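These notes concern the structure reproduced below.
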């Protein structure tokens, strides 16, 4: 389909459809990049969808290429989303669309309903059952290396993330009681086998375990260590204070709970101690581990 565009226009967003009529497979999309024109379609622009790219690699070029609408960015984006949502194209196996289109229009964010999220999840799970699709995803990840710049950006993004108590609880619930398959355990062991930690890594890890991960001891660390050394000296001398005896009693409860297989959270509640105390005892770094 040929459409005349005046050359003085900097760009012309458009809504389009491409399809393989003999396979009854289609895709609806938009293009709104800077200096884009409808003549880009299937000459220099072949959609930004990975699903279309994979389908094209397997089945060749589409025999149906059509411009449906020329307009501004907001108009083509809104029309795309309206059409996909009205006809549920993102859930139809005949269509390669896997979402309701662009989420952001003029700074506004569309809220996805729980029903939509559930439908999309089920559609994605069904797609994952396809061995060919699964293999294509795995092959993309194998041998993949990230540049130092990409790693830096990931670190910066993670540093800004705030994990709420609700999220932590969800993560904990998801992992509680989960059993790893023998093959998973074997693969993990094989990956670690023969690996050696550098002296630099060991030194940095030691600092992280003692402080807050940045080489700076946590406030009050020195005072705590002195207090714990005092407890240990009192107990070993045979003339302990009541505080030392109480601290030892709690430590014994932690040892008992860990030996019985209790989780860290359960141990904290059982012995009424902090997570830091449980972790130190679990790692063998607590002063009570040195008590005779």
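Values in this text are rule-based calculations from the coordinates and carry no lab data. The shown structure was predicted, so the numbers you read here are calculated from the model rather than taken from an experiment. A quick note on method: Cβ atoms are made from the backbone with ideal geometry, for glycine too, and the neighbour counts reach across all protein chains shown.
One table, with the values for the structure above:
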item	result
Projected label distance in nm at residue 155 and residue 178, using a 7 Å step from Cα toward the beta-carbon	2.6
Spin-label model distance (nm) - residue 137 vs residue 290, 7 Å beyond Cα toward Cβ	5.0
The range 32-107 versus the range 14-29: alpha-carbon centroid distance in Å	8
FRET E, pair residue 265, residue 130, Förster distance 30 Å, beta-carbon r, rounded to 0.05	0.15
Distant alpha-carbon pairs in the range 221-290 (separation over 14 angstrom), percent	57
Projected label distance in nm at residue 54 and residue 249, using a 7 Å step from Cα toward the beta-carbon	6.2
Full-extension gain in nm, residue 192 to residue 33, via 0.36 nm per residue minus C-alpha separation	52.7 nm
Estimated D of the range 14-110 in µm² per second, where Rh is the Kirkwood radius over Cα pairs and Stokes-Einstein applies at 20 °C, 1.002 mPa s	156
